[in-house]
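Novice: Dropping the structure in here first, questions after.
Taken together, the values in this text are just the output of simple stated rules run on the coordinates, not laboratory data. Predicted, not measured: the structure shown is a model, and the values here were computed from it. Heads up, the Cβs are rebuilt from the backbone with ideal geometry, glycines too, and the neighbour counts pull from every protein chain shown.
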Amino acid sequence: MKILTNKIMEQLLINGETNNKRIAEDGRTLDFHPVVKLFFPFGSFTWLITEIDPQNPDIMFGLADLGQGCPEMGSISLSELLAVKGQFGLGLERDLHFEAEFPLSVYAKTAAELGRIVTHPSLIKKEVA
């Protein structure tokens, strides 16, 4: 399975370019809905990705949960994620059924409260959304 399809990659790059322009103009960024959810099938590692840096397409931005109880937003190296192999050679996968209903900040606030990323709408705290 291709981790980032052409359609996903295109949207991530558009979001990255949009935020680069916004930062240059007024220093603020947009709070995009995550475009893709990535995970490792051999652990509780999850990433919600909103954009890719158009100047360096290896660098993504999103919410990362490494199973330590403290998810955080930041930059993520795509090549580093793709290089990791777990048990039986399993690597990074894309959640084929994920469709974001909220901006990244809502997922981040909920993850901070729960200590992990959750994406099912019924698990998102209503007062957070």
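Novice: Please work out the C-alpha center-to-center distance from the stretch 78-105 to the stretch 26-54 and express it in whole Å.
Specialist: About 10 Å separates the Cα centre of the stretch 78-105 from the one of the stretch 26-54.
Novice: Could you work out, for the chain, what percent of all Cα-Cα pairs fall into each 5 Å distance bin, beginning at 0 Å and stopping at the bin that holds the largest distance?
Specialist: Each 5 Å bin holds this share of Cα pairs: 2, 11, 20, 23, 21, 14, 7, 2, 0, 0.
Novice: How far apart, in nanometres, would the label points at Glu99 and Asp26 be if each is projected 7 angstrom from Cα along the Cα-to-Cβ direction?
Specialist: 3.1 nm
Novice: Of Lys2/Lys109; Lys85/Lys109; Lys7/Lys109; Lys7/Lys37; Lys21/Lys85, which ones are farther than 24 Å apart at the Cα?
Specialist: Lys2/Lys109; Lys85/Lys109; Lys7/Lys109; Lys21/Lys85
Novice: Ignoring everything except DSSP H segments at least 4 long, calculate the 222 nm mean residue ellipticity for the chain; use -39,500 (n - 2.57) per segment, divide by total residues, nearest 500.
Specialist: Rounded to the nearest 500, the figure is -9500 deg cm²/dmol.
Novice: Which one of Gly16, Gly86, Ala112 has its Cα pushed farthest toward the positive end of the charge dipole of the chain, where Lys and Arg give +1 and Asp and Glu give -1 at the Cβ?
Specialist: Gly86
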